Amino acid sequence: MGQQVYQHTFANGLVLLAERMDHVRSAAFNFLVPAGCAFDPAGHGGAASVLAGLITRGAGARGSRELSLALDNLGVDSDESVGAVNMRFWGSTLARNVPAALDIYADILLRPHLPEEELEPVVALAIQDIQSLEDAPQSKVMVELRKRYYPPPMNKDRRGTVAELEALTIGAVRAVHASRFRPNGTILSVAGNVEWEPLKEQVGRLFGDWKPGATDDATPQPHVPQSAHIHKDTSQTQIALAYPSVTITDPDFYHARAAVSVLSGGMSSRLFTEVREKRGLCYSVYATHESLKTQGSVLAYAGTRAERAQETLDVTLNELRRLKDGISDDELDRVKAGLKSSLIMQEESTSARAGAIATDWYYLNRVRSFDEIQAIIDGLTPAKILAHLERHPVKNVTLVTLGPKPLEVKE
Amino acid sequence: MPFHSHTLPNGLQLIGETSPAARSVAVGFFVRTGSRDETPAESGVSHFLEHMMFKGTERRSAEDVNLDFDRIGANYNAYTSEENTVYYAALLPEYLSQGVDILADILRPSLRADDFDMEKKVILEEIEMYEDQPGSVAWDRARRLYYANHPLGNSVLGTKESVGALTPEQMRGYFTRRYAANNIVVSVAGNFDWPRFVELIAAKCAHWNTDTVGRSQRTEWRGEPALHVLTREKVQQEYAMMMCGGPPAHSRLRYAADALALAVGDDGGSRLYWALVDPGHADSADCSYVENDGNGAVYVSLSGEPEATEDNIARAQQVLAEVQAGGITAEELHQAKSKILSRVVRGSERPMGRMQAIAAAWTYTGEYRDVDTELANFEAVTLADVRAYLDAYPIDKQTVVAFGKLKEVCGVTGTPV
């Protein structure tokens with residue numbers, strides 16, 4: 001079956017992507033706006049998050065409740081999230097309701113009321129979001145790792161601090177909207193049972209007059225990653241670590257991705273087998289590849305009782321380091337089977353495809369076809385992955401732990 | 001969508017829905033067993049056994065199980081609830097026979113003692129992990145208080161003590177009793193051929209034992225309206241859980257209960273959202289209808305700053321009292337139906353979603369419901385149905401449990417936990 005992917009760049013720079021999936025009745029849409037928390041002005045941490053909370057509280061001709069009701073009547077499930085670089089607006093509903101939903105999103109993005117009287121409740125929720133992290137140690141340790149591992153401004157936490165949130169003014173939040181919301185750099189992707197020409201015409205009508213703005217990117221500053229232990233009276237010690245890898249745009253990317261899959265793909269992968277299955281050290285252990293435009297990384301996590309935490313870290317690090325010593329054909333075949341299967345099953349999900357085509361465009365300025373990705377997967381060999389690991393060995397590991405006792409990285 | 005069903009002579013039931021446009025096929029073995037079917041001495045055994053099912057058979061070591069699933073790129077896992085234990089895999093269609101071979105094989109596990117000891121460590125880590133997540137611990141404790149001696153209040157995980165004391169012999173006894181063929185439904189959905197599937201299952205499962213299986217206390221339960229306070233000082237937020245009775249899974253009133261729960265406490269645009277979350281009083285305020293075998297419940301869940309807890313409980317109780325007295329509006333019912341329509345359609349697009357949905361309907365009611373039938377059932381809900389549901393299952397008679405650092409809530413002194 002042929003993929004049906006469409007793309008158009010409007011005169012103001014807005015990129016529209018669509019993938020037609022005619023076997024479903026629904027569609028998902030996804031806006032990436034270059035207004036992530038990396039751009040939060042100094043002293044205004046949390047500004048992008050507060051903007052994301054405020055932006056749906058009235059827009060265009062609708063007040064806060066009317067807007068919520070209008071989306072509910074269309075059966076739209078939606079979510080706003082703030083990443084380092086992009087703010088994401090996701091929505092999903094029946095395909096026939098997508099045009100009406102996009103009308104509403106044009107109001108939300110271009111004509112939000114950002115009412116002053118709603119600032120206090122949104123800030124109150126943002127402060128509770130910080131507090132709730134204390135009750136979620138698995139999430140907290142990853143947040144603390146990213147703060148210390150990534151260079152400024154990519155290491156900013158979207159939550160900001162309580163003091164910053166309490167000092168935030170409506171003017172500062174409106175300024176973020178005025179300066180960061182612009183068509184150039186924004187990507188709208190739609191996947192599902194949609195028609196391309198009417199969609200393109202509608203998006204042109206809704207967003208064609210949106211004025212382009214400055215195009216500064218988030219530029220990483222010089223930085224030395226810092227390891228740390230954060231004391232907390234918990235049952236388990238949370239272990240999180242990171243070290244440098246390649247970006248998605250690098251020719252070596254799929255070698256890096258496959259290497260991580262050998263470590264942490266299915267349940268037969270090395271970390272699960274060695275740390276959990278053979279030693280019973282933990283319930284959860286994984287490694288994952290994470291890419292910004294400016295740097296790629298491998299992140300790993302394990303959570304275990306304090307008295308077994310050092311052994312868990314030692315075994316985990318040993319598996320990461322000894323990967324360069326050899327990968328069997330059978331291991332790589334399993335990795336290929338897993339990658340192929342997720343690639344094909346992704347085609348059953350409108351949300352997954354809307355996300356994937358937007359991500360491709362953001363990093364690569366194009367959408368990769370299944371055939372292209374399949375050919376790359378087929379071309380993987382143990383020797384090529386090992387050569388990648390020679391070029392990018394496990395070194396300069398940043399370790400962040402959360403729990404009763406600190407751990408050490410043994411060389 | 002074409003639906004098929006078949007029962008093997010040993011009582012194993014097979015159901016399937018074919019969808020030739022799908023890219024994958026999903027298969028699940030639904031075992032009608034969970035924590036409600038455990039004796040106190042077996043607490044946690046259903047979930048521990050679920051882990052042990054991946055530890056090997058006569059033909060496969062634990063490592064072989066994982067290797068064989070990964071060789072076919074299967075997306076596989078299992079979960080345990082109070083009343084169901086489910087083993088499932090999403091597969092590319094060309095790997096269906098291999099996938100069925102592994103799933104059917106692991107459903108007859110060896111339960112070797114050394115694997116048992118190793119996996120017990122993993123379970124104890126899992127219990128510790130949830131101990132550090134107050135939202136999870138809170139619900140385990142709250143359900144016990146609400147259900148009192150009813151087995152639906154049994155913890156799925158069990159405790160460190162109960163799991164620590166479990167023996168392989170106890171687990172084997174439980175397995176023989178609960179994993180008989182006539183207590184299992186095999187569900188399949190997506191791109192597959194039904195006659196071929198029946199052959200595959202019959203070849204692997206026809207020899208499974210039949211036993212007297214059943215379940216005690218398939219009775220409706222309503223907890224006592226009361227306030228319980230559980231104090232754990234190191235918790236940051238305060239959690240408040242409110243529970244009352246609802247229609248059982250086989251009742252037609254379940255559709256009205258589902259729609260009402262959405263209007264009262266969906267995570268956006270609901271009564272609780274506008275009363276508690278939109279003004280910033282609470283971090284979250286949700287309401288959901290929970291269907292069980294022979295029983296049902298409505299759970300309301302709040303979280304937020306400890307100082308705001310008493311006010312937030314009062315606000316939520318006021319919302320529930322208003323809905324109990326005056327019901328919801330036609331507009332609210334319409335919005336709830338719009339959300340359900342959209343969610344049912346989207347949830348059904350993947351074979352995994354359909355495989356689970358048809359199995360749930362079949363297990364609870366013995367009926368097959370295709371997507372359009374399910375949508376029509378929701379569409380048919382009237383305000384009179386909502387009234388009838390509220391009259392039968394009042395939502396303002398709540399058992400309330402507060403969990404967090406507060407030592408006293410509304411005059412009730414906390415019990416340290």
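The values are calculated or read from the model by the stated rules, or taken from the named source; none is laboratory data. Note that this is a predicted model, so its numbers are computed, not measured. Glycine also receives a Cβ, built like all others from the backbone with ideal geometry; neighbour counts cover every protein chain displayed.
Contact map, region A:318-343: residues that are within 29 Å of A:V409 (Cβ to Cβ) paired with residues that are modelled with pLDDT under 95 and surrounded by fewer than 20 Cβ atoms within 10 Å (Cβ to Cβ), Cβ distance under 8 Å, separation 6+ or inter-chain. No pairs are found.
The requirement of being in contact with a Gly (Cβ under 8 Å, 6 or more places away or on another chain) and either within 14 Å of chain A (Cβ to nearest Cβ) or not in a helix (DSSP H, G or I) (or both) is not satisfied by B:E233.
Among the residues of region B:196-230, those identified as assigned to a loop (DSSP other than H, G, I, E, B) and either more than 30 Å from B:R178 (Cβ to Cβ) or among the hydroxyl-bearing types (S, T, Y) (or both) are B:T210, B:T212, B:S216, B:T219, B:E224, B:P225. One residue alone among B:M129, B:M118 is facing chain A (nearest Cβ under 7 Å), in a helix (DSSP H, G or I) and crowded, with 22+ Cβ neighbours inside 10 Å, and that residue is B:M129.
Take the conditions (1) within 14 Å of chain A (Cβ to nearest Cβ); (2) assigned to a loop (DSSP other than H, G, I, E, B); (3) not basic (K, R); B:V381 misses just one of them, which is (1).
Suppose we filter B:A336, B:A275, B:A360 for residues that are at negative phi and in contact with a Lys or Arg (Cβ under 9 Å, 6 or more places away or on another chain); which single one remains?
Values: B:A336 fails: in contact with a Lys or Arg (Cβ under 9 Å, 6 or more places away or on another chain); B:A360 fails: in contact with a Lys or Arg (Cβ under 9 Å, 6 or more places away or on another chain).
Of the residues listed, the single one that is at negative phi and in contact with a Lys or Arg (Cβ under 9 Å, 6 or more places away or on another chain) is B:A275.
In region B:174-195, which residues are within 22 Å of the chain's Cα centre (by Cα) and assigned to a strand (DSSP E or B)?
Looking only at region B:174-195, we keep the residues that are within 22 Å of the chain's Cα centre (by Cα), and these are B:174-175, B:177-189.
Correct list: B:I184, B:V185, B:V186, B:S187, B:V188, B:A189.
Could we say that B:V277 is of a type in the set (A, V, I, L, M), facing another protein chain (nearest Cβ under 9 Å) and closer than 30 Å to A:E117 by Cα here? Lay out the reasoning, then the answer.
On the way: of a type in the set (A, V, I, L, M): yes; facing another protein chain (nearest Cβ under 9 Å): yes; closer than 30 Å to A:E117 by Cα: yes.
Taking the combined requirement at face value, the residue satisfies it.
Of the helices (runs of 4 or more DSSP H) lying entirely inside region B:289-376, those carrying at least 3 residues that are within 11 Å of chain A (Cβ to nearest Cβ) are B:330-347, B:351-365.
Look at region A:173-199: where a residue is crowded, with 19+ Cβ neighbours inside 10 Å and a partner is among the basic types (K, R), sitting 6+ places away or on another chain with Cβ atoms under 6 Å, you get A:A191/A:R353. The single residue among B:A89, B:A113, B:A74 that is touching a strand residue (DSSP E or B) at 6+ places or on another chain (Cβ under 9 Å) and either farther than 19 Å from B:F30 by Cα or more than 10 Å from chain A (Cβ to nearest Cβ) (or both) turns out to be B:A89. Of the residues B:F69, B:F29, B:F54, the single one that is crowded, with 20+ Cβ neighbours inside 10 Å, out of contact with any strand residue (DSSP E or B) (no Cβ under 6 Å at 6 or more places or on another chain) and either hydrophobic (A, V, I, L, M, F, W, C) or in the same structural domain as B:E374 (by TED's automatic domain parsing) (or both) is B:F54.
Kindly evaluate B:A240 against the criterion of being modelled with pLDDT of 95 or more, touching an Asp or Glu at 6+ places or on another chain (Cβ under 8 Å) and either part of a helix (DSSP H, G or I) or buried (at least 21 other Cβ atoms within 10 Å of the Cβ) (or both). Judged against the criteria, B:A240 is not a match. Among the numbered conditions (1) within 14 Å of another protein chain (Cβ to nearest Cβ); (2) at pLDDT 95 or above, the only one that B:L406 does not meet is (1). Filter region B:143-152 for residues that are without any contact (Cβ under 8 Å) to a residue 24 or more places away in the chain and under 16 Å from B:Q398 (Cα atoms) and give the result. Across region B:143-152, the qualifying residue is only B:R144.
Consider B:Y389 carefully, then state whether it is under 20 Å from B:H250 (Cβ atoms), in contact (Cβ under 8 Å) with a residue 24 or more places away in the chain and either of a type in the set (K, R) or touching a Cys at 6+ places or on another chain (Cβ under 8 Å) (or both). Considered against the rule, which asks whether it is under 20 Å from B:H250 (Cβ atoms), in contact (Cβ under 8 Å) with a residue 24 or more places away in the chain and either of a type in the set (K, R) or touching a Cys at 6+ places or on another chain (Cβ under 8 Å) (or both), B:Y389 comes out as no. Collect the residues in region A:274-307 that are touching a helix residue (DSSP H, G or I) at 6+ places or on another chain (Cβ under 7 Å), part of a loop (DSSP other than H, G, I, E, B) and within 12 Å of another protein chain (Cβ to nearest Cβ), keeping them in residue-number order. Result: A:R279, A:G280, A:L281, A:C282, A:Y283. When B:G164 is tested against (1) more than 14 Å from chain A (Cβ to nearest Cβ); (2) surrounded by fewer than 18 Cβ atoms within 10 Å (Cβ to Cβ), exactly one condition is not met: (1).
When you look at A:A240, is it over 26 Å from A:S351 (Cα atoms), under 21 Å from the mean Cα position of the chain (by Cα) and not assigned by TED's automatic domain parsing to the domain that holds A:R391, yes or no? No: the conditions fail for A:A240. Just one of the listed residues (A:T288, A:T234, A:T247, A:T294) is under 21 Å from the mean Cα position of the chain (by Cα) and at pLDDT below 95, and it is A:T294.
Just checking, does region A:99-112 include any residue being within 14 Å of chain B (Cβ to nearest Cβ), surrounded by fewer than 18 Cβ atoms within 10 Å (Cβ to Cβ) and without any contact (Cβ under 8 Å) to a residue 40 or more places away in the chain? Yes, region A:99-112 contains at least one residue that is within 14 Å of chain B (Cβ to nearest Cβ), surrounded by fewer than 18 Cβ atoms within 10 Å (Cβ to Cβ) and without any contact (Cβ under 8 Å) to a residue 40 or more places away in the chain. When region A:263-273 is limited to residues that are within 11 Å of chain B (Cβ to nearest Cβ) and assigned to a helix (DSSP H, G or I), the one that is surrounded by the most Cβ atoms within 10 Å (Cβ to Cβ) turns out to be A:F272.
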